[in-house]
Amino acid sequence: MLWFTLATAVPVFLLALAGFLGGVWAIVAVLYLTAFVFIMDRLIEYAATDKDTHEEFPASTALCIFLGFTHLILIVVAILALSGETGLNIWERLACFILFGQYFGQVSNANAHELIHRGSRWLNRLGVAVYSSIFFGHHASAHTKVHHTWVGSLRDPNTARLGESVYRFWPRAWFGSFMAGLRAENAMRARAKTPSPKWTHPYVWYGIGTLITLIVAFLLAGWAGIGALVAVSLYATLQHLASDYIQHYGLKRRKLANGKLEPVGAQHSWNSPQVFSSAMMLNVPRHSDHHLNPNRPYPNLRIEEDRMPILPKSLPVMGIIALWPPLWRHMMDDRVAAVNGVTQP
């Protein structure tokens, strides 16, 4: 658990110091989440963490809980810092915008993703609270009830199509997943033998969570607080959706003779083996194994380069490359064709 703790928990304290004190702490935090992560990826061999870690499950859950609750605290810090309430100057506030947006997008989102896959109801609710605090509550429904079922097909809004730019993908995925998740929840409620009260609809609670966060932002810093929350949430969500874009870009599931889609396989997700950036995102870049074993705790996720498609660079680096569509397609389209041409179980 050392790499997971170092990569995810240390930035919590750096961001808090940057949000209240700015100055050198803002610089240190930026360097940690960029240069330090990149250097650590180059220094550590990925095979070092490819081992059975069932004994670490209690510690992995404790880290998820810690990250979930500290996210809710860091949201408050971000609102105060970005709205000017902590006395930061312009460049310090800009640095904090990048810092908090990147952390929420890469770490908080990854942790919420882990929480909604856990069997515990209250851990799921903590994950929903994290998502809802950044206007992304519907992902808790769309991810588990739509994405995992229809990944690699046109029925999944979060599967990027070959040739689609990340700029086209962003709005399509957000609004598409919102509606797809809503339809899935409505269908599930309609099939229930005992009707549930309308107030128990998950989308009602996603809205309540977001509304509470907006009220807190206004009480902390007025309309400037609202603006800070909206801005950092948008940045974080775009980063999360960029990960979705990268991890399934162009990959398709074949239709079988009976008209159904082939089962989800290792070949339907892109992966990256770099240790430190993967640890920072709780092994989300080991994406094939996650789709094959959705309930497997993040320390136990495996990567097998001989049968899992591998990205040419780490997930954060590919996120930067995706912002330049010609370079992205130059690097990825031939790889997509090669993977889609292989039929493996």
| query | For segment 81-95, what are the residues that are assigned to a helix (DSSP H, G or I) and either basic (K, R) or in contact with a helix residue (DSSP H, G or I) (Cβ under 6 Å, 6 or more places away or on another chain) (or both)? | reply | A81, L82, E92, R93, A95
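Looking at A95, A129, which one is out of contact with any Asp or Glu (no Cβ under 8 Å at 6 or more places or on another chain), within 20 Å of L238 (Cβ to Cβ), in contact (Cβ under 8 Å) with a residue 24 or more places away in the chain and buried (at least 20 other Cβ atoms within 10 Å of the Cβ)?
Of A95, A129, the one residue that is out of contact with any Asp or Glu (no Cβ under 8 Å at 6 or more places or on another chain), within 20 Å of L238 (Cβ to Cβ), in contact (Cβ under 8 Å) with a residue 24 or more places away in the chain and buried (at least 20 other Cβ atoms within 10 Å of the Cβ) is A95.
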| query | Among (1) open to solvent by less than 40 Å² (accessible area, probe 1.4 Å); (2) part of a helix (DSSP H, G or I), where does D156 come up short? | reply | (2)
| message | One residue is enough: does segment 162-169 have a residue meeting the conditions open to solvent by 20 Å² or more (accessible area, probe 1.4 Å), of a type outside the set (F, W, Y) and either modelled with pLDDT under 95 or assigned to a helix (DSSP H, G or I) (or both)? | response | yes
| field | Lone unmet requirement of (1) at positive phi; (2) touching a Cys at 6+ places or on another chain (Cβ under 9 Å) for F135 | value | (2)
| request: Filter segment 287-300 for residues that are buried (at least 18 other Cβ atoms within 10 Å of the Cβ) and modelled with pLDDT under 95 and give the result. | output: P297, Y298, P299
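The values are calculated or read from the model by the stated rules, or taken from the named source; none is laboratory data. Fair warning: this is a prediction, and the values are worked out from it, not measured in the lab. FYI the Cβ positions are ideal-geometry reconstructions off the backbone, even for glycines, and counts take in every protein chain you see. What goes into the accessible areas is simple: the full protein's heavy atoms, side chains included, and nothing from ligands, DNA or RNA. Shrake-Rupley method; radii C 1.70, N 1.55, O 1.52, S 1.80 Å.
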